[in-house]
Amino acid sequence: MSEKEDPFAAINNGETKILPPDYTLKKIIGENVDIKEMFSEEVVVKAQATIDQHKDNFLDWVVKDVASLNEHYKKAANKVTRKKNVADIEQIAHQTKAQGGMFNFGLATQVAKSLEQFCQKHINPSDEQLVVIGKHIDTLTVIFSQNITGDGGAVGKELMDNLSKLVDKYK
């Protein structure tokens, strides 16, 4: 691959290279669009209102996602299919992380992020590491069944501290 095809070739060879700015977004939205108009207070308020209207839909979606997480977790007990099911858990955790943040489920976002990262690190986990995955799923189940929004306060901090200790123990 030539340097033109690989813009990082110079960096990889120990040289420093300055890359030209990427104006892809500007090309998509148009040259004469004022960014201040795109993100005016009115536009942001409308966007938030649209998101708020879908909060109930989110709770319906997330119940299905948590059920799917549990299903993949049970299937992951089989070592033959474990790797595929953990990959599926990682993908659902990624989606949950993004959606949780959008709908003010900050604690769920933190747990889903931790789950996603754990699955990325342990693509074919041991039985003990699989238990850590299960504890993340149990925590998400509690968060959504109890409708714990925001960071969950003191309970949320305790849940995250316990998950972090578990993750650290089974690195």
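Read-outs: derived from the displayed coordinates by stated rules, not from any lab. Quantities reported herein were computed from a predicted structural model and do not represent experimental measurements. Don't worry about glycine lacking a Cβ; one is built from the backbone with ideal geometry, like all the others, and counts go over all protein chains shown.
Please give the calculated 222 nm ellipticity per residue for the chain, where each DSSP H segment of at least 4 residues contributes -39500 (n - 2.57) and the sum is spread over every residue; nearest 500 deg cm²/dmol?
Helix contribution divided over all residues of the chain: -22500 deg cm²/dmol.
Could the peptides 84-95, 31-42, 51-62 be put in order, highest first, of the mean number of other beta-carbon atoms found within 10 Å of their residues?
My ranking of the peptides, most packed first, is 84-95, 51-62, 31-42.
Could you check the spin-label model distance between Gln53 and Lys171? Points 7 Å from the Cα along Cα→Cβ, value in nm.
Placing both labels 7 Å along Cα→Cβ, they lie 4.8 nm apart.
Please order Ser145, Ser114, Ser68 by the number of other Cβ within 10 Å, starting at the fewest.
So the ranking, lowest neighbour count to highest, is Ser145, Ser68, Ser114.
Which value, in debye to the nearest 20, describes the size of the charge dipole of region 59-169 about its Cα centre when Lys and Arg Cβ atoms bear +1, Asp and Glu Cβ atoms bear -1, and nothing else is charged?
It works out to roughly 360 debye.
Taking the alpha-carbon centroid of each part, what is the distance from region 78-121 to region 133-150 in angstrom?
Using only Cα atoms, the two centres lie 12 Å from each other.
Just the projected area, averaged over all directions, of the convex hull on the alpha carbon atoms of region 59-169: how many nm²?
Averaged projected hull area, Cα only: 5.8 nm².
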